[in-house]
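Trainee: Below: one structure in structure tokens.
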Amino acid sequence: MLGDYFAEDTLKALRRLLQRTPVYGAYKALGHYPDYWYWILRGRPARSPHLLKQKVVREYGEKFGLKTLVETGTYYGEMVAAMKNRFDRIYSIEFVPALAERASKKFARHPHIRIFCGDSRVVMSEVLALLQGPALFWLDAGYYGWVGMQGDQQRLSAELEMILSHSYPHIILLDDARGLTGQNGIPSVNDVKSHIESKFPQRSVEVQFDIMRITLRG
Ligand SMILES: C[S@@+](CC[C@H](N)C(=O)[O-])C[C@H]1O[C@@H](n2cnc3c(N)ncnc32)[C@H](O)[C@@H]1O
């Protein structure tokens, strides 16, 4: 028992150490395939693996002919890395300065990638102003609680309104749709769906594999 705790603590400490090194992104990416197969073996539970998320982002980019990707929540830059040869331009917004700095360095050799540091709710208008046509949005900035960061419950709806009211018919993918619980002031999936579809009648909203997809009707 004590041995188990020790092993777990040691693993955690090792991971924290690894997180500080530049190879952590590559280490995480290595885990994407086992993670995907383990998810299949477990009968495809709600939390979907990163490889599946990458597939969905790639497919929506291709389906709607979108060459610009906007991401909220850069984290270790896994989605940016996976999409870097699929889009002509990638903008990613990260709140935690150390993560943003790390990603900026990581992608410094790729002029078509820009990492913004700040709160996505604030930085979103700056990014929208840069767009010259429709883009694919990958909203993944832990909207309803991200390790220790609670707070702005209106952030998601504010960003959705900004994107949907913008001059171009952007396509939106929102990760972790299961976070839309309909409890403690958080809207439910149906609340979001009916709000968007009534305010923006040309839009359709559906959820599959924990990803909300806001596309164009018809
Ligand atoms: C789930 S991770 C993102 C994973 C990444 N999109 C990927 O696919 O590899 C969530 C990230 O959102 C960031 N975040 C949380 N609140 C934010 C905010 N208000 N603005 C921008 N980023 C935020 C967190 O620091 C964290 O890095």
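Bear in mind that the values in this text are calculations on the coordinates, not laboratory data. On a predicted model such as this, the values are computed, not experimentally measured, just so you know. Because the Cβ atoms are built from the backbone with ideal geometry, glycine has one as well, and the counts that use them run over all protein chains shown.
Trainee: Got a sec? How would L52, L41, L173 order by Cβ neighbour count within 10 Å, fewest to most?
Mentor: Working: L52 18, L41 8, L173 23.
If I rank by nearby Cβ atoms, fewest first, I get L41, L52, L173.
Trainee: Going down the list K12/K53; K84/K193; K28/K53; K28/K105, which pairs span over 21 Å between their C-alpha atoms? Let's see the in-between values first.
Mentor: Details: K12/K53 26 Å; K84/K193 30 Å; K28/K53 15 Å; K28/K105 18 Å.
With Cα atoms farther than 21 Å apart: K12/K53; K84/K193.
Trainee: Among the trypsin sites (Lys or Arg not before Pro) within the range 130-218, which fall in a DSSP loop and have no more than 15 other Cβ atoms within 10 Å of their own Cβ?
Mentor: The qualifying sites are R217.
Trainee: Hey, another quick one. For a quick check: with amide H placed at 1.01 Å from N, whose amide H comes under 5 Å from S204's, ignoring anything fewer than 5 positions away on the same chain?
Mentor: T215, L216, R217
Trainee: Give the calculated FRET efficiency between S204 and Q183 to the nearest 0.05, with a Förster radius of 22 Å applied to their Cβ-Cβ distance.
Mentor: Working: r = 25 Å, r/R0 = 1.15.
The calculated FRET efficiency here is 0.30.
Trainee: Apply the Karplus parameterisation 6.51 cos²θ - 1.76 cosθ + 1.60, with θ equal to phi minus 60°, to every residue of the range 68-74 and state each ³J(HN,Hα) to the nearest whole Hz, in sequence, with x for glycine and proline.
Mentor: Coupling constants for the range 68-74: 10, 10, 10, 10, 9, x, 6 Hz.
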